[in-house]
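**Student:** Submitted below is the structure of interest, expressed as structure tokens.
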Amino acid sequence: MTQKNIIIALIILVLAIGAYLLFANENKNGGIEYYADGTQIVYCDENGNRYNTVADAKAAGLTDAEYGATYCPENNTATEDYIGMNTTDAETKAKSAGVMFRVVMIDGQPQPTTRDFREGRINATVINGTVTEYFVETNSPIVNNTSDAEKTTNDAIIGMTTENAELYAESQNVDFRVGTADGEPQPVTLDYRSGRITAETVNDVVVGYTVE
């Protein structure tokens, strides 16, 4: 056997061993994923059922929008129900509960807000002076190394059409999606992608956004 053939044979052997180890590791983990801190990612649905893997959730017949880590109670901040309350009463109730409250949408019009993160803060939508829906800012256990300075570099998309904002995000090598359109929440997946832009649009124009 020539030296060239020996080298080729060694390369094939190394590749075969690597493929075997990769397959064995995947089979051992069974599709289980982990956060950066080593904690296992567990998925839940809105009924409280828990799934160790994406495959388990899909096998249960769930779509991407029907399960996610954010559905799990340990990743959510419990709050009182503010729906149906007027703004003043809702603010008073939030204050007594020791949480922050702000209105981000009034009668379909986005309100100017800061884009910082505040654990437990309530962001409410108000129609005719009454809270119709809200979401709570909740910290994800996934490690996010994006600095506050980096999160403000996407302000250029404010005022852009959805199409242009998508092109902008593509140029920045980050994902883009619309989370709220004309005051209506859009179906989105509950996975986490560092740097992904989730936009709020009115008449197909970006008026606000968050960055994961």
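None of the figures in this text is laboratory data; all of them are computed from the coordinates on show. What you see is a predicted model, and the numbers here were worked out from it, not measured in a lab.
**Student:** Provide, for q = 0.13, 0.14, 0.18, 0.26 Å⁻¹, the log10 of I(q)/I(0) from a solvent-free Debye sum over equal Cα point scatterers in segment 82-137.
**Tutor:** With one equal scatterer per Cα and no solvent, log10 I(q)/I(0) is -0.27, -0.32, -0.53, -1.07.
**Student:** Residue by residue through segment 121-129, what is 3J(HN,Hα) from phi via Karplus (6.51 cos²θ - 1.76 cosθ + 1.60, θ = phi - 60°)? Round to whole Hz and write x for glycine and proline.
**Tutor:** 3J(HN,Hα) across segment 121-129, in whole Hz: 5, 9, 10, 9, 9, 10, 10, 6, x.
**Student:** OK, next. For Leu15 and Thr189 in one chain, what is 0.36 nm times their gap in residues minus the Cα-Cα distance, to one decimal in nm?
**Tutor:** Full-extension gain reported as 59.0 nm.
**Student:** Taking H placed 1.01 Å from N in the peptide plane, check which residues at least 5 places from Ile127 or on another chain put their amide H under 5 Å from its amide H.
**Tutor:** Here the answer is Asp107, Thr132, since their amide H atoms fall under 5 Å of that of Ile127.
**Student:** Give me, ordered by chain and number, the residues 5 or more places off Glu33 or on other chains with an amide H under 5 Å from its own placed amide H.
**Tutor:** Residues meeting the criterion, in which the H sits 1.01 Å from N, are Ile41.
**Student:** Using modelled amide H (1.01 Å from N, peptide plane; none on Pro or chain starts), what sits under 5 Å from the amide H of Arg196, excluding residues fewer than 5 places away?
**Tutor:** Hits under the 5 Å cutoff: Asp175, Glu212.
**Student:** Using the Karplus curve 6.51 cos²θ - 1.76 cosθ + 1.60 with θ = phi - 60°, what ³J(HN,Hα) values do you get for each residue of segment 48-54, in whole Hz, with x for Gly and Pro?
**Tutor:** Those phi angles translate into x, 6, 10, 9, 6, 9, 4 Hz.
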